[in-house]
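Undergrad: I am attaching a structure below and will ask some questions about it afterwards.
The values are calculated or read from the model by the stated rules, or taken from the named source; none is laboratory data. Just so we're clear, the structure is a prediction, and the values are computed from it rather than from any experiment. As a convention, Cβ positions derive from the backbone with ideal geometry for all residues, glycine included, and neighbour counts pool all protein chains shown. Only protein heavy atoms, including side chains, enter the accessible area calculation; ligands, DNA and RNA are left aside. Shrake-Rupley method; radii C 1.70, N 1.55, O 1.52, S 1.80 Å.
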Amino acid sequence: MLVLAIESSCDETSAAVVRHGREVLSNVIASQVDIHARYGGVVPELASRKHVEAISVVIDEALEKARVSLMEIEGIAVTRGPGLVGALLVGLSVAKAMAFARGIPMVGVHHIEGHILSPLLEQEIDFPFLALAVSGGHTHLYRVDGIGRYTVLGRTLDDAAGEAFDKVAKLLGLGYPGGQVIDRLAAEGDPEAILFPRPLLHQKNLDFSFSGIKTAVLNHVRHLKSQVDEATLRNIAAGFQTAVVEVLTRKTLRAAEEHGLSRIVVAGGVACNRGLRQSFQKEGVEKGFEVFFPSPGLCGDNAAMLAVAGNAYLESGCRGTLDLNAVASWPLDQAGLLSGD
């Protein structure tokens, strides 16, 4: 099928045209980062308004770049949740209106499902595999037995990893979003100069916790007797990132070992982090795992990633009705093929 995908779950408005759920013909993203940066985080009402302003332009550009017309589109995949409800409703409303006007099928897709299947747009990966979804709103481990077949193995008990990056960046005065800035500073710092805790690392469960690392950084900064200089800032960033990366890497590898999975997918916005990529490539390969990351352009929120599951659901006959609603909270293991209900 030739699928138009639409994403508007948070602060990126995106549309993509994808053929057969694998061939990306276009993937247009309009970011709102500059707008929300002054507030230190995403303002939901502003995000919704900006989606309304951008959605039509982004869809038109995606069709133009793909060199196809709306009349050639055979189905629509759209993010149904989880996310900011107001933002989700913009993309969902447009998708339903277009599907109704054209008389073509539409299906709602889980946002995290899109992320963990995004590497399939660039390479074939055999099922089953272990997926680490790591972003500003999610840090979950899933067993993936196929499209629509997901089992939660572990999750964060408090902050998501990406959220911890942003909060630490904010308390260090590095602005928003902070993940890229910390990643850059960490590469220039000494990861052993300041040792931060590794919460739950040695617990038998596969859950995560990052609020304690964030608080440890805050306490360290408060107890400094002088202003934080550049060298200290780099060392704090390096120590913090190393702690987060170690927990993510080791617990993911442990999960793969315990569940007999030889393939690992790491996806989501934090999958762009160079330290995380290097850690998985080193430790994962040493232990005999195949580790897959999406390219940086597919790590953040984008519409193309929705087309992998969307195409599969549409071809299997799943259909979203005109009363399909957005959902702010939606466990992935309760989604799958139900995303078309």
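Undergrad: Would you check if there is a residue in the range 153-165 being open to solvent by 30 Å² or more (accessible area, probe 1.4 Å), over 30 Å from Gly41 (Cβ atoms) and aliphatic (A, V, I, L, M)?
TA: no
Undergrad: Could you please find all residues in the range 175-188 being farther than 12 Å from Glu230 by Cβ and either open to solvent by 40 Å² or more (accessible area, probe 1.4 Å) or in a loop (DSSP other than H, G, I, E, B) (or both)?
TA: Listed by number, the residues that qualify are Gly175, Tyr176, Pro177, Gly178, Gln180, Arg184, Ala187.
Undergrad: For residues in the range 284-293 being over 14 Å from Ala271 (Cα atoms) and open to solvent by 20 Å² or more (accessible area, probe 1.4 Å), which is nearest to the chain's Cα centre (by Cα)?
TA: Filtering first and then ranking leaves Glu290.
Undergrad: Answer yes or no: is there a residue in the range 201-208 that is in a helix (DSSP H, G or I), among the hydrophobic types (A, V, I, L, M, F, W, C) and within 26 Å of the chain's Cα centre (by Cα).
TA: Scanning the range 201-208 turns up no residue that is in a helix (DSSP H, G or I), among the hydrophobic types (A, V, I, L, M, F, W, C) and within 26 Å of the chain's Cα centre (by Cα).
Undergrad: Something else now. For the structure I just gave you, tell me whether Arg67 is free of Cβ contacts under 8 Å to residues at least 60 places away in the same chain and touching a Leu at 6+ places or on another chain (Cβ under 8 Å).
TA: So Arg67 fits the description; yes.
Undergrad: Select from the range 1-56 the residues that are of a type in the set (A, V, I, L, M), open to solvent by 60 Å² or more (accessible area, probe 1.4 Å) and either in contact with a strand residue (DSSP E or B) (Cβ under 6 Å, 6 or more places away or on another chain) or over 26 Å from Phe100 (Cβ atoms) (or both) and list them in ascending order.
TA: Answer for the range 1-56, where residues must be of a type in the set (A, V, I, L, M), open to solvent by 60 Å² or more (accessible area, probe 1.4 Å) and either in contact with a strand residue (DSSP E or B) (Cβ under 6 Å, 6 or more places away or on another chain) or over 26 Å from Phe100 (Cβ atoms) (or both): Val24, Ile29.
Undergrad: I'm told Glu230 meets every condition in (1) open to solvent by less than 50 Å² (accessible area, probe 1.4 Å); (2) out of contact with any strand residue (DSSP E or B) (no Cβ under 8 Å at 6 or more places or on another chain) except one. Can you identify the failing condition by its number?
TA: Single failed check for Glu230: (1).
Undergrad: Can you tell me which residue among Val221, Val270 is more than 24 Å from the chain's Cα centre (by Cα) and under 20 Å from Gly175 (Cα atoms)?
TA: The unique qualifying residue is Val221.
Undergrad: In the range 261-300, which residues are assigned to a loop (DSSP other than H, G, I, E, B), out of contact with any strand residue (DSSP E or B) (no Cβ under 8 Å at 6 or more places or on another chain) and within 18 Å of Ala160 (Cβ to Cβ)?
TA: Asn273
Yes/no per residue for (1) over 16 Å from Ile116 (Cβ atoms); (2) modelled with pLDDT under 95; (3) surrounded by 15 or more Cβ atoms within 10 Å (Cβ to Cβ):
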| position | (1), (2), (3) |
| --- | --- |
| Lys282 | yes, no, no |
| Ser295 | no, no, no |
| Ala304 | no, no, yes |
| Ala309 | no, no, yes |
| Leu324 | yes, no, yes |
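Undergrad: Right, Ile194: within 19 Å of Trp330 (Cα to Cα), touching a Ser or Thr at 6+ places or on another chain (Cβ under 9 Å) and not charged (D, E, K, R) or not?
TA: In short, no.
Undergrad: Filter the range 213-222 for residues that are under 18 Å from Gly179 (Cα atoms) and without any contact (Cβ under 8 Å) to a residue 24 or more places away in the chain; which is least open to solvent (accessible area, probe 1.4 Å)?
TA: Ala216
Undergrad: Now for a different question. Of everything in the range 236-263, what is more than 21 Å from the chain's Cα centre (by Cα) and either among the hydroxyl-bearing types (Ser, Thr, Tyr) or surrounded by fewer than 22 Cβ atoms within 10 Å (Cβ to Cβ) (or both)? Give them in sequence order.
TA: Passing the criteria: Arg254, Glu257, Glu258, His259, Gly260, Leu261, Ser262.
Undergrad: Of everything in the range 113-152, what is open to solvent by 10 Å² or more (accessible area, probe 1.4 Å), of a type in the set (A, V, I, L, M) and more than 23 Å from Glu257 (Cβ to Cβ)? Give them in sequence order.
TA: Within the range 113-152, Leu121, Ile147 meet the criteria.
Undergrad: What helices (runs of 4 or more DSSP H), lying completely within the range 1-102, carry at least 3 residues that are at pLDDT 95 or above?
TA: 44-66, 85-102
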